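These notes are about the structure you will find just below.
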Amino acid sequence: MKIPPSELPLQPNGAIYHLGIHPENLADKIILVGDPGRVETISAKFDTVEFTHSHRELTTHTGWFQNKRISVVSTGMGTDNIDIVLTELDALANVDLQKMEVKPEHKTLTMVRIGTCGAIQENIPVGSFIAAKQGFGFDGLLQFYKHDARGYEDLVAHFVKFTGWGERLPYPYCYPADKTLLETIAFDMVQGITASAPGFFGPQGRVVRAPLAFPQLNERIEDFVYQDQRITNLEMECSAIYGLGNVLGHRTLTVCLAIANRVTHQFLKEYNKEMDELITKVLHRI
């Protein structure tokens, strides 16, 4: 069945609409970053760079690192951007863009997000590397898709009850990281549940001028425990990567540098050294 052009738009040159790239420009191993400026920081470590392109906040560099072909793609901030980027990355791999038909054989992509986050446990110092064993979504994105998060219904139900999750908030969802990626890339990192919020300020419990509807929510998140599992950190993309990655049949992992601790109120103003170390670990291990 053909996919109508209104559902998967292309640019006049046949490139995918938002990313602006063609299937041959994309490697099977992909590093996702929020900040487009971080793409060049990573690709500068490549042995060779074969392709670069930028469109809006979406930048793609593809090249070679130690005989591995890798693409680095910026997503911008937020799960809404992840919806666009992961859908288009999957289409580049699994849709014939000339015939506008799904390919008969599925290609599995490996996608690792490198980002920053705020730790929400007192014993996780700033500068720590945190790997998301599960991505817990406060954003509601996956509720627009037919998805199956079997095995996590009890965790979500306990969270909703424990926190007094408001009826006006999107119902949470939870998906796991790829087990092999977690073992090979994040074996020496803090591991726990990473929660993704649909914003940086109010949705993560920050108060500047606008009052919060649920001012005690962060404290409840900090105290939540389910089968010895805790929510370790807050960020803005992981849950959508894990959820959509699962729906579309890809291998996903999120690793973040904690630049803030929301309990101790510490903030790491300069973190280039720590981020460089995290990038190097991922490049060698992916």
Over the chain, what is the relative contact order in percent, taking alpha-carbon pairs closer than 8 angstrom and at least six residues apart? 23
Lone cysteines in the chain, going by a 4.7 Å Cβ-Cβ cut-off? CYS174, CYS238
I'd like to compare 164-176, 113-125: which one has the highest average count of other Cβ atoms within 10 Å, and what's the full order after that? 113-125, 164-176
Can you work out the base-10 log of I(q)/I(0) for region 1-138 at q = 0.17, 0.19 1/Å, using the Debye formula on its C-alpha atoms alone? -0.98, -1.16
Would you list LYS45, LYS146, LYS133 from the most to the least accessible area, probe 1.4 Å? LYS146, LYS133, LYS45
Overall Cα dimensions of the chain, principal axis frame, Å, largest first: 51, 43, 38
Could you order the peptides 154-161, 241-248 from most to least packed, using the average number of other C-beta atoms within 10 Å per residue? 241-248, 154-161
Helix-only CD estimate at 222 nm, as mean residue ellipticity for the chain, using -39500 (n - 2.57) per DSSP H run (n ≥ 4): -7500 deg cm²/dmol
Full-stretch length increase - SER54, GLU101 - with 0.36 nm per residue and alpha-carbon distance subtracted: 14.3 nm
Where THR280, THR41, THR163 fall by accessible area, highest first, once all protein chains stay in place (1.4 Å): THR41, THR280, THR163
Under the Karplus relation with 6.51, -1.76 and 1.60 and θ = phi - 60°, whole-Hz ³J(HN,Hα) for region 45-52, x at Gly and Pro, equal 8, 5, 6, 9, 10, 9, 7, 9
Just the accessible area per residue of the chain, please: how many Å² with a 1.4 Å probe? 48
So, in Å, what gap is there between the alpha-carbon centers of region 159-190 and region 80-124? 17
So, with a 1.4 angstrom probe, what is the percent of accessible area on the chain that is carbon and sulfur? 51
Need the list of lysines near LYS133 for cross-linking: C-alpha distance under 24 angstrom, and skip anything on the same chain fewer than eight residues off. LYS29, LYS107, LYS146, LYS161, LYS179, LYS281
Once you wrap a convex hull around the alpha carbon atoms of region 155-280, what is its projected area averaged over all directions, in nm²? 9.1
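The values are calculated or read from the model by the stated rules, or taken from the named source; none is laboratory data. Bear in mind the structure is a predicted one, so any value in this text is a computation, not a measurement. When we count neighbours, we look across all protein chains shown, and the Cβ atoms used for this are built from the backbone with ideal geometry, even at glycine. These area figures cover heavy atoms from the full protein model, side chains too; ligands, DNA and RNA do not enter into them. Shrake-Rupley method; radii C 1.70, N 1.55, O 1.52, S 1.80 Å.
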